[in-house]
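*Asks:* Quick one: the structure is below, questions incoming.
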Amino acid sequence: MTSDARSAQARAATHWQRFSVPYEFPVVFTEGVFDPENPALRDVLTRLEPAKRHRVVVFVDDGLKAGPLALPEAIVRYAERHRDAIELACAPVLVPGGEKIKAELHFVESVQQTLFDLHIDRHSYVIAVGGGAVLDAVGLVAATTHRGVRHIRIPTTVLAQNDSGVGVKNGVNLQGVKNFVGTFAPPFAVLNDQNFIDSLPERDKVAGMAEAVKVALIRDAEFFAWIERHMDDLATFERQAMATMIRRCAELHMRQIGQGGDPFETGSARPLDYGHWSAHKLESLTRHHVRHGEAVAIGMALDARYSVLAGLLREGEEARICALLEYLGFNLWHPALGKAGANGEWTILEGLRDFQEHLGGELTITLLGGIGVGVEVHEIDRERMRQAMVWLKERAGD
Ligand SMILES: NC(=O)c1ccc[n+]([C@@H]2O[C@H](COP(=O)([O-])OP(=O)(O)OC[C@H]3O[C@@H](n4cnc5c(N)ncnc54)[C@H](O)[C@@H]3O)[C@@H](O)[C@H]2O)c1
Ligand SMILES: [Zn+2]
């Protein structure tokens, strides 16, 4: 057979399967989500089958029990008040908050075991109440149990409310590699309750603001100017300013995922990851003693200076960005940044390779072409990046 005939035969034997699945989920901004008079949770649970009584299991970040809310009791009271629509499959289950739940696989197994023991089916609901780490871990279990159980997220940190909680990803770490095991799985609904932010330690309130500055820098100059105008209110966590900042940031993330053309990140671009290549490395170098947002603030300052050195960003704009970040409460240097590897090169620069490896394909780094303008580049000049590091280090007086 000629090669033409062979490829004609192969074409004739190939059937193309093609379909698309529209995704849709509500992101509700509310206060007092477990106040029995608040219909928000009941409404999202019953939105597909209003007449049914729905089975629900709730996992709660144990960092929340310190708050004044007595959360598990409040959840039980809520379910009792709405017993015609909600059946709690068991009492709310406390799970470890923070990176611990993502780092040690037996926590994931224990969440799985709970769903197994309770005979949770694909029409039941798995609700996670907590920071980004708890949402990531419980979300992974929900997405993989019976190949996908309805999952509702109730994020309780600034970062989870304005960024991770409204997204479509979950994941846990393996052998120290962040989010090595995970899926893309849009939730059934997200409920952002501002009251949770009140009990958050100041450090986490500051850290979450990095994502707002980030998305403003790459997408929305007007939002950046708003943050600058309200930096006094934000630096003192004034309630209304925090609520506006969280909401605008969440909207911009939602728009990128919904309209950016690549919600499940199949390409090599990571447009929302400005400042993140070095941030991920710094987080792992410090074994997560530096929070994600804190590392992102440093990463943004570094890439802003690099953008200036690369002739993309006007000189002076990087200082403006750094001044804002510092005013909001960020430190823009960490000793781990100065760590050198065996070859004498700064270890942080390995972050470039790791970043590329996570997605595969070509290296794609978002830089700044101006305030509000993200620009993708496919090459980073290491010498120039070193100069940007030196600038940052000297600026910090280290
Ligand atoms: N899935 C995604 O798209 C995505 C995006 C960005 C980040 N993340 C992940 O999110 C995680 C970080 O999330 P985070 O910044 O929300 O922090 P976190 O989940 O690590 O929580 C930080 C600490 O705050 C506690 N806590 C949570 N809510 C509280 C509240 N209201 N009051 C008092 N304490 C509270 C937690 O118990 C924990 O000790 C990382 O694992 C990161 O990889 C995921
Ligand atoms: Zn981030």
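The values are calculated or read from the model by the stated rules, or taken from the named source; none is laboratory data. None of these values were measured; they are calculated from a predicted model. Counting neighbours? That spans all protein chains shown, and the Cβs are built from the backbone with ideal geometry, glycine included. To get the accessible areas, we keep the full protein, side chains included, count just its heavy atoms, and leave off ligands, DNA and RNA. Shrake-Rupley method; radii C 1.70, N 1.55, O 1.52, S 1.80 Å.
*Asks:* Starting from region 162-173, keep only residues that are farther than 17 Å from Ala216 by Cα, then list their pairs with residues that are within 8 Å of ligand 1 (Cβ to nearest atom) and part of a strand (DSSP E or B) whose Cβ atoms are within a distance under 7 Å, requiring at least 6 positions of separation or different chains.
*Replies:* Gly165/Pro155; Gly171/Asn179; Asn173/Asn179
*Asks:* Tell me, yes or no, whether region 174-188 has at least one residue that is open to solvent by less than 20 Å² (accessible area, probe 1.4 Å), without any contact (Cβ under 8 Å) to a residue 60 or more places away in the chain and within 13 Å of ligand 1 (Cβ to nearest atom).
*Replies:* Within region 174-188 (the criterion being open to solvent by less than 20 Å² (accessible area, probe 1.4 Å), without any contact (Cβ under 8 Å) to a residue 60 or more places away in the chain and within 13 Å of ligand 1 (Cβ to nearest atom)), the answer is no, since none of the residues qualifies.
*Asks:* Here is a follow-up. Give the residues of region 251-279 that are outside any loop (DSSP other than H, G, I, E, B), among the hydrophobic types (A, V, I, L, M, F, W, C) and open to solvent by 20 Å² or more (accessible area, probe 1.4 Å), sorted by residue number.
*Replies:* Quick first cut of region 251-279, residues outside any loop (DSSP other than H, G, I, E, B) only: 251-259, 276-279.
Within this subset, residues satisfying the condition of being among the hydrophobic types (A, V, I, L, M, F, W, C) are 252, 254, 257, 277, 279.
The answer is Met254, Ile257.
*Asks:* Out of (1) within 22 Å of the chain's Cα centre (by Cα); (2) on the phi < 0 side of the Ramachandran plot, the odd one out for Leu312 is which?
*Replies:* Status for Leu312: all satisfied but (1).
Yes/no matrix, rows are residues, columns are (1) touching a Cys at 6+ places or on another chain (Cβ under 6 Å); (2) open to solvent by 40 Å² or more (accessible area, probe 1.4 Å); (3) without any contact (Cβ under 8 Å) to a residue 12 or more places away in the chain:
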residue: Met1; (1), (2), (3): no, yes, yes
residue: Ala10; (1), (2), (3): no, yes, yes
residue: Asp35; (1), (2), (3): no, yes, no
residue: Ala40; (1), (2), (3): no, no, no
residue: Leu45; (1), (2), (3): no, no, no
residue: Arg55; (1), (2), (3): no, yes, no
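*Asks:* Show the residue pairs meeting these rules: Cβ distance below 7 Å; 6+ apart or different chains; first residue within region 122-145 and in contact (Cβ under 8 Å) with a residue 40 or more places away in the chain and open to solvent by less than 10 Å² (accessible area, probe 1.4 Å); second residue among the aromatic types (Phe, Trp, Tyr) and part of a helix (DSSP H, G or I).
*Replies:* Sorted first by the residue in region 122-145, then by its partner, the pairs are Ala137/Phe107.
*Asks:* Can you tell me how many residues in region 333-354 are surrounded by fewer than 21 Cβ atoms within 10 Å (Cβ to Cβ), hydrophobic (A, V, I, L, M, F, W, C) and not in a strand (DSSP E or B)?
*Replies:* 5
*Asks:* Among the residues of region 251-284, what is the count of those that are over 25 Å from Phe29 (Cα atoms), among the hydrophobic types (A, V, I, L, M, F, W, C) and under 16 Å from the mean Cα position of the chain (by Cα)?
*Replies:* Selection size over region 251-284: 2.
*Asks:* Of the numbered conditions (1) in a helix (DSSP H, G or I); (2) open to solvent by 40 Å² or more (accessible area, probe 1.4 Å), His288 satisfies every one except a single condition; which is it?
*Replies:* The one condition His288 does not meet is (1).
*Asks:* Go through region 303-332 and count every residue that is touching a strand residue (DSSP E or B) at 6+ places or on another chain (Cβ under 9 Å), part of a helix (DSSP H, G or I) and crowded, with 19+ Cβ neighbours inside 10 Å.
*Replies:* Qualifying residue count, region 303-332: 7.
*Asks:* Could you look through region 371-398, keep only residues that are assigned to a strand (DSSP E or B) and touching a Ser or Thr at 6+ places or on another chain (Cβ under 9 Å), and pick out the one that is most open to solvent (accessible area, probe 1.4 Å)?
*Replies:* If we take residues in region 371-398 being assigned to a strand (DSSP E or B) and touching a Ser or Thr at 6+ places or on another chain (Cβ under 9 Å), then Glu376 is most open to solvent (accessible area, probe 1.4 Å).
*Asks:* Which of the residues belonging to region 194-209 are surrounded by 23 or more Cβ atoms within 10 Å (Cβ to Cβ) and either on the phi > 0 side of the Ramachandran plot or touching an Asp or Glu at 6+ places or on another chain (Cβ under 7 Å) (or both)?
*Replies:* Answer for region 194-209, where residues must be surrounded by 23 or more Cβ atoms within 10 Å (Cβ to Cβ) and either on the phi > 0 side of the Ramachandran plot or touching an Asp or Glu at 6+ places or on another chain (Cβ under 7 Å) (or both): just Ala207.
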